[in-house]
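The values are calculated or read from the model by the stated rules, or taken from the named source; none is laboratory data. Computed from a prediction, not measured in an experiment: that's the story for all the values here. All Cβ positions, even for glycine, are placed from backbone atoms using ideal geometry, and neighbour counts span all protein chains on display.
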C-alpha cells in the first residue's frame, strides 16, 4: 500500500493524486482521514522545498566563501609578498622629490620638473603595483588609484599656487608631508583591511 502511494505521488501531480485517493476511498473513510492524507502530502512537499532551498543556499554560501578566500590569497601572493616594495619605493621617491620644494624662490620651470617627476612616479606605481590589483578586485584597485591620484593632484595644485609658500617648512609639512603620510597610511589600511568582498 505504501509503495503504491509513493509511486502514485511521483507519477502524478499532487492534485491528480488527491483526486485519485478520494475516488478510491471506500465508503467507510471519514473526512478526518482525507484531511490527514492531504496534510501528510503538504508536509512532505514543504519539507522537500526546504531541503532544496537549504541545499542551494549552502552551496551559494560556500561558493562566496571560497571566492573571498581566493581573492585574499591572490592579494597576499601577488601584492603583499612581491609588490609592496614598489609602494614603499614610490613613497620614498615622492618624499625625496618634494623636499626640493623647500628651496626658496623656485622658478616655474623648476616646479614643472618637480611636478612631472611626481606624475611619473605615480605612473610607475600604477604599472608595477596598482594594476596588479585589477586581477583581485576592481573596487580595491579604484580605491588605491583614487588615493594616489588625489595626492598627486593636490601636489600639482599646491606647487603652482602662488599663495602657498612651500619653502616654509611649517607650510610644507602641513600640505606635503601630512598628505604623503595620510595617503600611505590609507593605502596600507585598504590593503590589509581587504576581506575579499566584492
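General observations
- Residues of the range 183-198 that are in contact with a helix residue (DSSP H, G or I) (Cβ under 9 Å, 6 or more places away or on another chain) and exposed (fewer than 13 other Cβ atoms within 10 Å of the Cβ): 192, 195, 197, 198.
- When every residue of the range 126-136 is checked against the conditions, at least one turns out to be loosely packed, with under 14 Cβ neighbours inside 10 Å, within 25 Å of residue 194 (Cβ to Cβ) and in contact (Cβ under 8 Å) with a residue 60 or more places away in the chain.
- Yes/no for residue 46 being farther than 30 Å from residue 187 by Cβ and either surrounded by 15 or more Cβ atoms within 10 Å (Cβ to Cβ) or at pLDDT 90 or above (or both): yes
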